[in-house]
1. Hey, can you tell me all the residues within segment 17-73 that are at pLDDT 75 or above, of a type in the set (D, E, K, R) and within 20 Å of Q84 (Cβ to Cβ)?
2. Considering only segment 114-135, I want to know if a residue exists there that is open to solvent by less than 50 Å² (accessible area, probe 1.4 Å), farther than 23 Å from Y29 by Cα and touching a residue at least 24 places away in the same chain (Cβ under 8 Å).
3. Can you report the number of residues in segment 84-110 which are free of Cβ contacts under 8 Å to residues at least 12 places away in the same chain, part of a helix (DSSP H, G or I) and open to solvent by 100 Å² or more (accessible area, probe 1.4 Å)?
4. Can you tell me which residues in segment 85-140 are β-branched (V, I, T), within 14 Å of the chain's Cα centre (by Cα) and farther than 17 Å from I152 by Cβ?
Amino acid sequence: MMAKRFKISVFTILLLLGAEGLFANYAFYRTVTNTCKSYRITTQEGEMYFGREENNKDKFYLSVNSNRNNFEMALIVGFVSVGQAIKHQRYLVKKGLIKTSTEPKTIHVTVNVPITRDNIIISASATAEQVIKLTDGKIDSAEFMRLIKNSIVTL
């Protein structure tokens, strides 16, 4: 009887410790999705993830869809949505709702542009500091694009 209670207690503690991480990631993904939706940019939770390998855990990947002519806006909104999610994580830590924040150091945004039969894919990377500056309005979108211009790749 005592062994069963002990096992249940250990399981409950492990579940609660793991739930905080799940909540943090869920909150991060929801913030990204909701920010994109408010700008009418489509994305799905399966198209965003933290690096899957151990040495890529500090990278966040986001894929968004654009129309033919608004791929630059979709790229900027992708970065801003991740910046909003980082700010939200910091708020949750400040309020004591979570212990540690889920913050990537590098953000990779991919935009699918339906120009030809096969989509053209535009990809760019930015650091978290650059994204936060954009999100806070410390730099405008033109300055941000100049900062990341060397990382932009068209496939």
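The values are calculated or read from the model by the stated rules, or taken from the named source; none is laboratory data. All figures in this text were calculated on a predicted structure; none of them were measured in a lab. Here Cβ is always computed from backbone atoms with ideal geometry, including for glycine, and neighbour counts include all displayed protein chains. Only protein heavy atoms, including side chains, enter the accessible area calculation; ligands, DNA and RNA are left aside. Shrake-Rupley method; radii C 1.70, N 1.55, O 1.52, S 1.80 Å.
1. Selection gives R30, K37, R40, E47, D58, K59, E72.
2. Looking for residues that are open to solvent by less than 50 Å² (accessible area, probe 1.4 Å), farther than 23 Å from Y29 by Cα and touching a residue at least 24 places away in the same chain (Cβ under 8 Å), one finds at least one in segment 114-135, hence yes.
3. Selection size over segment 84-110: 2.
4. Answer for segment 85-140, where residues must be β-branched (V, I, T), within 14 Å of the chain's Cα centre (by Cα) and farther than 17 Å from I152 by Cβ: I86, T102, I132, T135.
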